[in-house]
Amino acid sequence: MSFKTRVSRCCPVRFVGRIISKCWASCGAFAFICFILYWLYGGIFLFFLLCFATTGVLYRMEDLLLYHPELPSHSRVYVPAPSMFNLPYQSVYTRTVDGTMLHMFFISQPDDKAKDVPTVLFLHGNAGNMGHRLQNVSGLYHNIQCNVLMLEYRGYGLSQGTPSEEGLYMDARAGLDYLSSRNDINHNEIIVFGRSLGGAVAIDLATRPENSHRIWCLILENTFTSIPDMAALLTSSKLLQYVPLLLYKNKYMSLLKISSVSVPTLFVSGLGDALVPPRMMTELYKRCNSSCKRMLPIPGGTHNETWNQSGYYKSICDFLAELRQSPPLRVPPSHWQINEI
């Protein structure tokens with residue numbers, strides 16, 4: 001083999017060797033730089049990574065902190081029936097727009113009265129099931145002389161699904177649609193009643209133009225301004241006031257939405273409420289844009305049992321009588337201007 005041949009064969013080997021040595025040197029230098037940066041800033045990186053992970057876990061846990069359909073423990077398998085209070089009822093099911101099957105009780109006045117009385121869409125709070133509100137519903141049925149549709153949110157009682165903010169809004173719309181489909185009630189006097197979390201759901205229902213013209217009036221009892229406000233209150237942390245809304249999975253921004261409510265609204269505020277401060281009801285009342293709104297403070301009324309106080313049902317009857325005597329002007333839907341963003 002000639003000298004030139006040996007040189008020609010060695011050149012590619014040397015060339016590849018030089019590339020490998022340079023890459024090895026570069027990789028080594030890069031690895032060394034990464035080690036130095038991690039040694040200097042690894043703690044900070046780990047801190048932010050931990051914060052990100054913690055935020056994600058808390059975001060997922062928000063549903064567990066807000067919704068309590070299994071409290072008490074048997075609430076998902078046993079729903080007390082209205083017959084326990086001698087109330088005539090139908091156990092009915094309806095589907096929401098996303099296909100979730102909801103369980104409801106329709107409690108009707110006798111046939112000769114059912115079309116002459118108002119009908120209440122009853123939206124309950126965040127724990128238990130609708131059967132746990134039967135004593136209050138019995139009081140509404142007998143004292144106000146009304147029909148009542150008790151709606152059970154998704155993930156509660158015998159309803160399918162898992163609770164969520166948008167899900168509960170869909171559930172309320174499904175309840176209103178169901179009432180619109182019945183021909184044995186007075187569609188001109190549909191009352192939407194919401195207590196606590198149910199009040200936030202009722203407010204959202206009334207702000208939507210396609211729904212509000214079907215609602216005669218709202219009754220809101222011991223409800224809150226928003227979930228972020230309640231979180232700051234319950235944790236006694238001012239830092240939560242600066243947490244971006246993006247980090248809240250459930251917001252229920254009722255104080256923001258109430259300015260779009262135009263239907264007559266009665267605000268029932270239990271002054272002994274130790275969970276939702278009565279000042280929140282006052283804030284909602286002041287922000288409400290309805291031309292017919294009333295504040296009903298109930299001394300001694302607690303969060304869940306304001307209906308036990310003297311004068312509760314009479315005050316509601318007086319509000320409804322006022323609406324019948326001086327009905328507010330209702331603007332037809334075709335005259336509404338809807339601004340979309």
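The values are calculated or read from the model by the stated rules, or taken from the named source; none is laboratory data. As the structure is a computational prediction, the values presented were derived from the model and not from experiment. Heads up, the Cβs are rebuilt from the backbone with ideal geometry, glycines too, and the neighbour counts pull from every protein chain shown. The accessibility values were calculated without ligands, DNA or RNA, using every heavy atom of the protein model including side chains. Shrake-Rupley method; radii C 1.70, N 1.55, O 1.52, S 1.80 Å.
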Going through region 176-199 one residue at a time, which ones are within 19 Å of the chain's Cα centre (by Cα), within 23 Å of Arg95 (Cβ to Cβ) and buried (at least 18 other Cβ atoms within 10 Å of the Cβ)?
Leu176, Val192, Phe193, Gly194, Leu197, Gly198
Those residues of region 245-280 which are within 24 Å of Pro209 (Cα to Cα), outside any strand (DSSP E or B) and not polar (S, T, N, Q), in sequence order:
Lys251, Tyr252, Met253, Leu255, Leu256, Lys257, Ile258, Val261, Val263, Pro264
For the subset of region 141-175 comprising residues that are farther than 23 Å from Lys115 by Cβ, in a helix (DSSP H, G or I) and touching a helix residue (DSSP H, G or I) at 6+ places or on another chain (Cβ under 9 Å), which member is most open to solvent (accessible area, probe 1.4 Å)?
Arg173
Filter region 288-299 for residues that are open to solvent by 40 Å² or more (accessible area, probe 1.4 Å) and at pLDDT 95 or above; the one that is nearest to Asn188 (Cα to Cα) is Lys293
Picking from Thr119, Thr96, which residue would you name as being within 30 Å of Asn143 (Cα to Cα), modelled with pLDDT of 95 or more and open to solvent by less than 20 Å² (accessible area, probe 1.4 Å)?
Thr119
